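Structure first, then comments.
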Protein chains: 2
Amino acid sequence: MADTPELKERERQILQAVVHSYITTAEPVGSRTVVKRFDLDLSPATVRNVMADLEELGYLGQLHTSSGRVPTEMGYRYYVNYLMRVQRLTVDERNRIDREFKEKLNDADEILRQTSHLLALVTHQAGLVEAPAEGDAAVQRIELMPLRTDRLAVLMVDNFGRLRTFTFDIETSVSAVELEPLNRFLNEHLYGVSTDNLAAELEQKLRNFFDEQRRLAEMALSILGRIPRNTPAQLYLDGASQLFDQPEFKDISRAREVLELFDERERLMTLLREAGAQSEGAGNTVYIGEEGSGFDGLSVVASPYEIDGKPVGMIGILGPRRMPYSRLTAVVEHTAELVGRLLTRIAH
Amino acid sequence: MADTPELKERERQILQAVVHSYITTAEPVGSRTVVKRFDLDLSPATVRNVMADLEELGYLGQLHTSSGRVPTEMGYRYYVNYLMRVQRLTVDERNRIDREFKEKLNDADEILRQTSHLLALVTHQAGLVEAPAEGDAAVQRIELMPLRTDRLAVLMVDNFGRLRTFTFDIETSVSAVELEPLNRFLNEHLYGVSTDNLAAELEQKLRNFFDEQRRLAEMALSILGRIPRNTPAQLYLDGASQLFDQPEFKDISRAREVLELFDERERLMTLLREAGAQSEGAGNTVYIGEEGSGFDGLSVVASPYEIDGKPVGMIGILGPRRMPYSRLTAVVEHTAELVGRLLTRIAH
DNA sequence: CTTAGCACTCATGTGCAAGGAGTGCTAACA
DNA sequence: TGTTAGCACTCCTTGCACATGAGTGCTAAG
């Protein structure tokens, strides 16, 4: 994080211009282009000198002598950290996003899925949404239910309004009537318990209360213990096809790399989290894939969203390093806020 | 379906050779190649004559004069209909597939998802699995459950072992105890009813029996009526990245087309069904995308799978027209059979 | 009917020259 | 001392000519 912002004003100006121009055109930018597009009151020659300095400092690079300059990874970093002015959302964008969230706000899972889709459409990048982690969820209602004589369903609702179901085979059959007192008990005692340590919590309580109903108690224990714990937090991903509009993916091999990355949910997860870690509470954050990290050439713009004032997950977008950060940060931030509000309302 | 198989034996032989060679190498195949690779007892010149005939008949084409021949859409059709010998599965393939299905056979949805993944891996094409349609499903158990005072969850289990949940807002609150008799009633009377006409069926029965519990009855009606009906049958899709190994997608624009197609579930659905329609009960079927249909250049190998002897959906793979049909039909067929057996077992 | 021979086509690759974008450097200028 | 104009230089790109090679179509002989 200790990029020194120690550039002279003019250097900053020109770095900004180069990054800006390259982001919009994807073409290496030359000295003439800079003075024309941003009508600076300088001559191309002067700009050239500055650009040479910036190159030596590591902020710019060129593909070959006598091609225009291109921002380096470090150049982008400087840009997003010190140069970029976060743009306002256009009315269009805001309307579009808000409208999309007006409908069916029943189901938390649905909202998250929808969000990733929306992000992809609006930003033309891939949309990423991390669902609240299991550890942050608390049981709000739990219910065992016989499906057939040898099978049982468990339905769990957490405080984010998410429904989850599991089925389990059982050895000895139980009837719905038999389960009634057990369900009553479970709901009385497990309300608000983190879904992570359901079984542990239950074990304690169950032992004391259910001496007389040993059989049911044992069953409940064994079943709740088998609920997949530490399930990796879910990740919603959408918009792969959007990415391939970008010229950086014109050769299929790059495209395939990314497509394969999309199949590795855990890696994407750590990527999102890494982005989050860089925020240091600053809300919005940009992660620029480091060389050799496997994410080289890719960037993530991410923002945490909060339920009841507590950050529970990240939402963001993923795309080529050359992306319009100043516009996208605004979009992501706004969306994160909206999603947070929506989920908070649902959770009550 | 009235491709006339009216080709002379030698023509059939050479068409087969060309298709075969092109499928494996993706290179236009010349007359010399044919005699060498399949050591025919003919001279290249003879082969050339036959190939010229086949071209005139529309089975072969060439990119330019003096390039080798390439099968046309019609050529592929003839091949799969009359020439192709369905290969046996290799032991490796069979083992791999069977092994994959040995584990966690709890959850019907999970099995289907897994299947699409497996198909993609084994065939190096995209895997497609159509879930049983709503209309074919019958309620096996249904349960209303209060989540909070103003919200209700509905859990439905169908005869394929699938769990589905919905949540609904309600105006006046109900307690779990209040719902007990209603649930009992529902389960008694809705067992085996098709999920499609749940509400209709219910309406009849409910009116007679529940005069005294009008309020509950009304609620049940309104809620079950709001369960999304005719939800488009679900489609599981996996392995997009596999496709892009194929040289036909070396230019990104083709790749993007397919990627966009993957976002349009309904179109894929109709594609799978179309493939199925061509089967005429023959089990396995190959659909070769017609020119101008939007599926030009793509092929589907599909097979219906059965639960309790009744076909309920299709599974298949999608890839470029140039694919090793003879091997893939075997894989798809075997997998379909396996999935059917698995789901049948679960549904009991 | 089959085959050998041969001229022909066309994609691919290579070398070469011209054009153009953009740089680096130097010298003049404010 | 910083800025600018001028100019030589680099290197990519494009176009063109040419050779190569795979593969064809056609004709005439077996």
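Here, each number is a calculation from the coordinates, and none is a lab measurement. Nothing here was measured: the structure is a model prediction, and the numbers come from that model. FYI the Cβ positions are ideal-geometry reconstructions off the backbone, even for glycines, and counts take in every protein chain you see.
Side notes on the structure shown:
- Annotation for B:Arg148, label-to-label distances across the other copies: 3.7 nm (shortest first, one decimal, point 7 Å from Cα along Cα→Cβ).
- One quarter of the surface of the convex hull around the alpha-carbon atoms of the range A:220-336 equals 9.6 nm², the direction-averaged projected area.
- Pairwise FRET efficiency - B:Arg215 versus B:Leu121, Cβ, R0 = 60 Å, nearest 0.05: 0.65
- Degrees between helix A:252-263 axis and first principal axis of chain A (Cα, 0 to 90, nearest 10): 30
- Shown here: the range B:1-54, whose C-alpha atoms stretch 32, 23, 17 Å along the first, second and third principal axes, sorted largest to smallest.
- Placing unit charges on each Cβ (+1 for Lys and Arg, -1 for Asp and Glu) gives the range B:55-103 a dipole about its Cα centre, and among B:Gln62, B:Thr90, B:Tyr78 the Cα reaching farthest toward its positive end belongs to B:Thr90.
- Degrees, to the nearest 10: B:108-123 long Cα axis against longest axis of chain B: 10
- Inter-part distance where the range A:281-348 and the range A:15-39 are each reduced to a Cα centre, Å: 27
- Helix B:325-346 axis, angle to chain B major axis (alpha carbon atoms, nearest 10°): 20
- Top positive-direction residue, dipole computed over the protein assembly as shown with Cβ charges, set A:Gly127, A:Val35, A:Leu243: A:Val35
- Computed FRET value (nearest 0.05) for A:Asp308 with A:Glu264, which takes r as the C-beta separation and R₀ as 30 Å: 0.45
- Along each principal axis, taking the top coordinate minus the bottom one, the Cα set of the protein assembly as shown gives 83, 82, 42 Å in descending order.
- Surface/4 of the Cα convex hull for the range A:81-144, nm²: 7.2
- Residue-normalised convex hull volume from the C-alpha trace of the range B:1-99: 124 Å³ per residue.
- If R0 is 60 Å, the Cβ-Cβ spacing of A:Val91 and B:Ser66 corresponds to a FRET efficiency of close to 0.50.
- Derived from the Cα gyration tensor, the three semi-axes of the equivalent ellipsoid of the range B:91-218 are 40, 15, 12 Å, largest first.
- Result for chain B in a Gaussian network model with C-alpha springs under 10 Å: among B:Val331, B:Val300, B:Val47, the largest mean-square fluctuation is at B:Val47.
- Contact order for chain A, expressed relative to its length and based on alpha carbon pairs under 8 Å spaced 6+ residues apart, stands at 19 percent.
- Label spacing, shortest first and in nm, from B:Asp169 to its equivalents in the remaining copies (7 angstrom along Cα→Cβ): 4.3
- Placing unit charges on the Cβ atoms only, positive for Lys and Arg and negative for Asp and Glu, gives chain B a dipole magnitude near 880 debye about its Cα centre.
- Copy-to-copy label separations for A:Glu291, where each label sits 7 Å from Cα toward Cβ, in nm and ascending: 5.1
- Normalised by 2.2 N^0.38 Å, where N counts its residues, the alpha-carbon radius of gyration of chain A equals 1.28.
- Computed [θ] at 222 nm, helices only, for chain B once each DSSP H run of length n ≥ 4 contributes -39500 (n - 2.57): -14500 deg cm²/dmol
- Size of electric dipole in the range A:135-226: Cβ of Lys, Arg +1 and of Asp, Glu -1, about Cα centre, debye, nearest 20: 160
- A Cβ-based charge dipole, computed about the Cα centre of the range B:1-152 with Lys and Arg at +1 and Asp and Glu at -1, lands at about 500 debye.
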